[in-house]
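Okay, so here's the structure we're looking at.
What follows draws every value from the coordinates through simple rules; no lab data is involved. This structure is a prediction, so every number in the text was calculated from the model and none was measured. Neighbour counts run over all protein chains shown; Cβ positions are idealised from the backbone, glycine included.
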Amino acid sequence: MNRHFDRRWPLRSILSAFSAAALLSGAMAAGNPDDEAAYFRSRIEPLLKTHCFECHSHAGGKAKGGLVLDSRSGWTKGGDSGPAIAPGKPGESLLARAIGYADADLQMPPDGKLPPETIALLRDWIARGAPDPRESFSPEDAGKSRPAVPAAAELWSFQPLKPVAPPEVRDAGWPRDPFDRFLLAKLESEGITPAPDADAWTLARRLYLVLTGLPPTPEQSDAFRAAHERDPDAAVADLADRLLASPAFGEKWARHWLDLTAYADTIGLGRAIPAPEAWRYRDYAIGAFSGDQPFPEFVREQLAGDLLESSDAAMRARRIVATGFLAIGPWELVNGDKAQLRMDVIDRQVQRTGQALLGMTLGCARCHDHKFDPVTQAEYYGLAGIFYSTVTLNGRLNGVFSAIEERPLPETPEQLVARAEAARVFQKEVSEAESRRSDARAEAKALEEKIAARKAELATASTTAPANSGAETADTALSELQKQLDEANGRVREGDGRLKVLAYLRPHRIEALAMSVSEMPEPEDCRINIRGNARQLGEVAPRGFPRGPAWDGAPVAPSAGQSGRRELADWIVDPKNPLAARVWVNRVWRQVFGEGLVRTADNFGFRGEAPSHPELLDRLAADFIADGWSTKRLIRRLVATRAWRQAAVNPAAVASGIEARDPENRWLWRANRRRLDAETIRDAMLAVSGMLSREAGGSSLPLEIPGNLNTGKPESVGDGARFPESLSRRRSVYLPVKRKGPFDAMDFLAVFDLPDTNQENGQRSLTAVPTQALTLANSPFVVECGRALAGRAGGGDDRERAAALVRRVFARPAEPEEIDAALAFLDELSQNPADRPADEARDEAWARLGQSCLIANEFLFRD
Amino acid sequence: MRFDGTVFPGRRAFLKTAASGFGHTALAALLHGQAAAASGARPLAAHAGHFPARAKRVIFLFMQGGPSHVETFDAKPKLDARSGEVAPFARAAGVEQPGVGKMRLFGSGWKFQRRGQSGTRVSELLPEMGATIDDWCVLNGMHTDNLAHAPACLQIHTGTTTFVWPSMGSWVSYGLGTENENLPAYITISHMLSGDGGSPQQFGSAFLPAIHQGTRIDLPTAEGADAELRYLRDPKFAGAAQRKQFDFVRGLNRRQLDRLQGDRHMEGMIESFELAFKMQSAAPELFSLKGESEATKKLYGIGEKETDWFGRQCLLARRLAESGVRFIQLNKGGWDHHGNIRQGLPRTCREIDRPVAGLIRDLKARGLFEDTLVVWTGEFGRTPYEQDLSDGKASMENYGRGHNPYGFTTLMAGAGIRGGHIHGATDEYGYHAVEGKVHIHDLHATILHQLGLDHERLTFRHAGRDFRLTDIYGRVVDEILV
């Protein structure tokens, strides 16, 4: 037996605290580090776990007083009162003091003093120098002291895609696509009949809104109805083809993708620092959906576009722009702690990649192992290392502000010619501004001289005639000159402001730049950040991919020499990766059907929801992959299903009590009715009132308008930024987005659940709150749309006009009672116009009728 | 009560609220994934917390910019005595601040006096607040995690310096609902939206149902102006005419709903129009200070140039408190004295001194002090050493102070808080909190505790885990409770 041990450990207390087996292992303690570790593991750690971890560990979910005891660094750093242990000095150790109950203010554990033997053990451990092998917070240890995380093998979404044949159904005439058979089989097994088909009006509006985000014109719904009468299947297929080919499709569907990337045109949570080149990424996304880019290419370009071989300048430029997926985000550039800022950026990149592409909540493993899903902290930092080896922020903008990485884009010869012309125009603009300012300066100087001369004249006059002492203020010539001087000085100031703005815009006008990431010169693995703190570093976590979603032959780590972004992209879109295809087809399904088969579209983990139709989801994914990962072809199939063409009401099923069994329509016994999303409400209001501008693409930050750009350093965009008229009538996807929410002119969108622009979001919420009603009732935008709408209701008598208006807004013929009610409303509102002529009051009433239709549920929702 | 995102008010609470006239509308916040809320669930209906509450409401006075604690509530004689000498301590490592290279101590420019029965030392810059010092508990051991405005402001509102998490007002709304469903549960007045200190993120609901987000009302600085809520009214179309329009729209909606066998979300929209209509008539009266007596206005410094604006904020806060608003935030910037603190600080202090003291006196006079928790705080404090942004060109009298997250002062009053008490201390120069340390998480835990909420049990499941305002931290500072 060890001498050390003999001296310090009274046998009786040891026996009272530990089993004989523990005694034996303890007997080997002291001496070499392995023995020290064993001693700690067998003797001390169990005590800490039993008595301290509840309040002082990650597993316990608490760090009372800021102290954790589940790692060596936990007590080295200590809590609010400083280090908990002074190795070798129990007398100076807070922990020893606390358990000794000597100090009335510091008694631990709070619910009662520990047995003397236990206190002696802990004090002795400290006296021995507090050997503690837990150099970093260790995932394995944490796993033991909390409910075990179910293994990867138990998570449905990690399992390989299964080839599934569609089930047999009794009503073989109903399905239009094998997908329908999965749904119908479930309904039949529950004894439910699907809803009848929706009528042609409803279907036309649904197709237009879901595929393009714009409602049909009366002519378009008429045409569809005629085709639908001849052949419903062909009518749907034809219209779907045409809508998928229209530019509006890309605009609608890219917006969903932008939600997943927390897109905005500014950087920073506090200051609205402009990201004047972010729009290129937005346009890239629109182009990718319009061009039906195969999903794997879409993913590779966004994660590693700068690393891919390109055949020409246009392709190379597109791929650099695509990395905006990683480069654009709510980076807190002003954060003075640059090490933490770097890790915060990397964290968002890991989270975003995990959430958008894999349906995994990887962010949960930043500070500790994922509590619910099979993802360790080491795996998190394995991924983080890939982005740690990537440059996102680069140098300094000004003082403490970090700079974002902007890189020049290769251009085609034609683009270069056009750019040279743009540079010439820009230079001319600068020269003109300069000469306007120097003219104004010269003018001001001349006026100052004149004023001085006039004042001298007046002074002479007043000395000769002292009664005239107020002459200066009374002199009209002088005050006129002063007015002119103020005006000239105003133009000088305006010129100063204009030139500052132009200086800011110079690089963006005369060069083609993109927000992008690039490779670090040498890839570098990341060390685990203990508790997510960039200054408390643990072990190195070699770069690698998550192990959970595994398959035969799956790579586990990138090769040396590169960051690994390219190989990460390959790993994600590997046809055998069980997550990417499932997650994406579920997102597409959600956009088309209004609800996902997995409703937690961003979370395919244990805390997410299981799919309502797992076989269907696998079949969708398999067919999607087999069909070249084409999103457009997938959408075309989905809208052609019989299930999608159902009406939103199913009286027979309701009569049979279905609402008690499936209140949320997970079995799809009817179509899901949805309130339109924010952009669609605004775009549809502009469209039906004839005000929508179809201008597309390009920068939309209104920096050209003097006063919008604060030219302090760093530049920021003003809150009340003004917009050119044309911009404010564009589709919502082209409106600039600020990190801290929309610009004032766009607050309409925020009211209708535009997601937080700082948070990646694939599951927008839908609320019904009074601020929406106030906005619909009182915002000038809606009132203006109502007026324009009434103005285009055409000629004819009031009855015909009202019918045309209802028809245009609801995309269906008006019913007689509706027209009666509308006319009664018009009469009531234009009664007794005390304050204005009767025809004006009538026009106003029409405008309010238009507005009323735009704020009715039937317009704000789709069946 | 459940805290999993759907809140079903008890039957008694429902009847009580309905009887008092506020219960006609049900606003179903149909948050995705929370769709289980039964029809008629009222997420804003008042409900009890985890245990009996001392506070029914909170008035949070946010002093954005970082008030200098060593010149207001944390007297440091040694710092004052050695002003101009090189500091005998090192600057905290790993962070960047411009213009602090010389590390010279910079004493308070103003004297402290013992005030009230408690004899608490208060700067001569705050004579009126000094007169109410026996009502306040002074927390001198505050500390926070980041020294830049944006992350620190985010932390004092949401607990995190980095993530998009709900504001404490949103948590309170979620946890307790509100006593007056005609008004939002969480109102913030003239909240800064931009710059380093302001962002809608600070009053956002993040992943909590959107109905819990703070409603920002704007109080114009022009003398005599009332607060405004965006789109509350259409000046050209109000009253009876608009009622006709609402009735017409309601008719359209009802007709459609009948065809559709009902739809919860559509019903929610119909009800929200009714609530909006009520707000249109209730809010302007509530926001108007015209009915307040001259004596009351004077108490708050209303009508005097420097105190008018914040005085109106404070008086409006009392009116909102009386009307049953659960969480009321007032906002006052101007504390970020990097330069010229000798000129700047007295003015900022004057702007709030009388209004804040007036609020305390008025709450006491009206019996609201007992169940209203008042909190006065910045996002951090200021360094005891000077900051010179002029590169040595200006004299020391024109210097200012940098940001100091390591030690600063917060004040709390009302609703079960020990008045006239000092808790915690910074070191002898006022740099680091050393005794009675209270982190932002602890402040949050204590605020929730006074409202009857256990910060460890007030949770919401999001992205696969249960979130709380205090993350995995937080301790109720029971030393400051009665």
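From the backbone phi of segment B:467-482, what are the Karplus-calculated ³J(HN,Hα) couplings (6.51 cos²θ - 1.76 cosθ + 1.60, θ = phi - 60°) in whole Hz, Gly and Pro given as x?
9, 9, 4, 9, 6, 10, 10, x, 9, 5, 7, 6, 5, 9, 9, 5
Taking 51 Å as R0, compute the FRET efficiency from the Cβ-Cβ separation of A:Ala557 and A:Tyr504 and round it to 0.05.
It comes out at approximately 0.75.
Dipole of chain A (Lys/Arg Cβ +1, Asp/Glu Cβ -1, origin at the Cα centre): which of A:Ile451, A:Met691, A:Ala569 lies farthest to the positive side?
About the Cα centre, the residue reaching furthest to the positive side is A:Ala569.
First select every other residue whose beta carbon is under 14 angstrom from the beta carbon of A:Val425; then total the charges, Lys and Arg +1, Asp and Glu -1.
Numbers: positive: A:Arg419, A:Arg424, A:Lys428, A:Arg506, A:Arg509; negative: A:Glu421, A:Glu429, A:Glu432, A:Glu704.
Within the 14 Å Cβ shell, the charges total +1.
Please list the non-local residues whose amide H lies under 5 Å from the amide H of A:Ile404, H modeled 1.01 Å from N, same-chain partners needing a gap of 5 or more.
The answer is A:Asn394.
Given the rule -39500 (n - 2.57) for each run of at least 4 DSSP H residues, summed and divided by the residues of chain A, what is its mean residue ellipticity at 222 nm, to the nearest 500 deg cm²/dmol?
Estimated from H runs of four or more residues: -15500 deg cm²/dmol.
In nm, give the distance between the simple-model label positions of A:Val425 and A:Asp486, each being 7 Å from the Cα along the Cα-to-Cβ direction.
3.8 nm
Which loop-located trypsin sites (Lys or Arg not before Pro) does segment B:183-288 contain, where loop means any DSSP state but H, G, I, E or B and the Cβ has at most 16 other Cβ atoms within 10 Å?
Details: sites: B:Arg216, B:Arg230, B:Arg233, B:Lys236, B:Arg243, B:Lys244, B:Arg250, B:Arg254, B:Arg255, B:Arg259, B:Arg264, B:Lys278; in loops: B:Arg230, B:Arg233, B:Lys236.
Listed in order of number, the matching sites are B:Arg230, B:Lys236.
Once amide H atoms are built 1.01 Å from N in the peptide plane, which residues 5 or more positions from A:Gly79, or in another chain, come under 5 Å H to H?
A:Ala84
What FRET efficiency, computed as 1/(1 + (r/R0)^6) with R0 = 22 Å and r the Cβ-Cβ distance, is obtained for B:Glu285 and B:Arg366, rounded to the nearest 0.05?
In this case the efficiency is close to 0.75.
For A:Lys64, list the aspartates and glutamates whose Cα falls under 17 Å from its own Cα; do not include residues on the same chain fewer than 8 positions away.
In chain and number order, the partners are A:Glu54, A:Asp80, A:Asp105, A:Asp111, B:Asp145, B:Glu435, B:Asp442, B:Asp454, B:Glu456, B:Asp471, B:Asp478, B:Glu479.
How well do other chains shield peptide B:347-360, expressed as the mean number of their Cβ atoms within 10 Å of each residue Cβ?
Average per residue, whole number: 0.
Take every residue in peptide A:849-861, count the Cβ atoms of other chains within 10 Å of its Cβ, and give the average of those counts.
Partner Cβ neighbours, averaged per residue: 5.
List the aspartates and glutamates whose Cα sits under 16 Å from the Cα of A:Lys500, skipping any in the same chain fewer than 8 residues away.
Correct list for A:Lys500: A:Glu429, A:Glu432, A:Glu434, A:Glu704, A:Glu715.
Where the only charges are on Cβ atoms (+1 Lys, Arg; -1 Asp, Glu), what is the dipole of segment B:231-287 about its Cα centre, to the nearest 20 debye?
The calculated dipole for segment B:231-287 is roughly 200 debye.
By how many nm would the segment from A:Asp171 to A:Met520 grow when fully extended, if each residue of separation counts as 0.36 nm and the alpha-carbon distance is taken off?
119.6 nm
Once both labels are modelled 7 Å past Cα along the beta-carbon direction, what's the B:Glu456-A:Thr460 spacing in nm?
The answer from the label model is 9.1 nm.
Excluding B:Ala222 itself, calculate the net charge of residues whose Cβ lies under 14 Å from the Cβ of B:Ala222, where each Lys or Arg counts +1 and each Asp or Glu counts -1.
Result for the local shell: -3.
Name the residue from A:Ala477, A:Ala461, A:Ser435 whose Cα lies farthest towards the positive end of the charge dipole of segment A:417-510, charges +1 on Cβ of Lys and Arg and -1 on Cβ of Asp and Glu.
Final value for the positive-end residue is A:Ser435.
Can you give the charge dipole size of segment B:165-322 about its Cα centre, rounded to the nearest 20 debye, using +1 on the beta carbon of Lys and Arg and -1 on the beta carbon of Asp and Glu?
Details: 19 positive and 21 negative charges, 102 e Å.
My answer is approximately 500 debye.
So who's got an amide H within less than 5 Å of the one on B:Arg121, skipping anything under 5 residues away but keeping other chains? H placed 1.01 Å off N, in plane.
It is B:Arg115, by chain and number.
Past 18 Å, Cα to Cα, is the threshold; run A:Lys455/A:Lys483; B:Lys305/B:Lys364; A:Lys252/A:Lys632; A:Lys162/A:Lys576; A:Lys445/A:Lys483; B:Lys56/B:Lys364 against it and keep the listed order.
Exceeds cut-off: B:Lys305/B:Lys364.
Rounded to the nearest 0.05, what FRET efficiency do A:Arg729 and A:Glu615 give with R0 = 56 Å and r taken as the Cβ-Cβ distance? Could you check?
0.75
About the Cα centre of the protein assembly as shown, what is the dipole size in debye to 20, counting +1 per Lys and Arg Cβ and -1 per Asp and Glu Cβ, all else neutral?
Using Cβ point charges on Lys, Arg, Asp and Glu, the protein assembly as shown gives about 1720 debye.
Which whole number gives the average, over all residues in A:364-373, of C-beta atoms from other chains lying within 10 Å of the residue C-beta?
Working: counts 3, 0, 1, 2, 1, 0, 2, 3, 2, 2.
Partner Cβ neighbours, averaged per residue: 2.
Measuring from label point to label point, each 7 Å out along Cα→Cβ, what is the A:Ser693 to B:Arg259 span in nm?
Placing both labels 7 Å beyond Cα along the Cβ direction yields 3.6 nm.
Among B:Leu125, A:Asn398, A:Leu860, flag the residue with its Cα farthest along the positive direction of the charge dipole of the protein assembly as shown, charges on Cβ as +1 for Lys/Arg and -1 for Asp/Glu.
Working it through, the farthest residue towards the positive pole turns out to be B:Leu125.
For segment A:417-510, what is the relative contact order in percent, using Cα pairs closer than 8 Å and at least 6 residues apart in sequence? Each step should come with its number before you reach the end.
Numbers: 54 pairs, mean separation 47.6, N = 94.
Relative contact order comes out at 51 percent.
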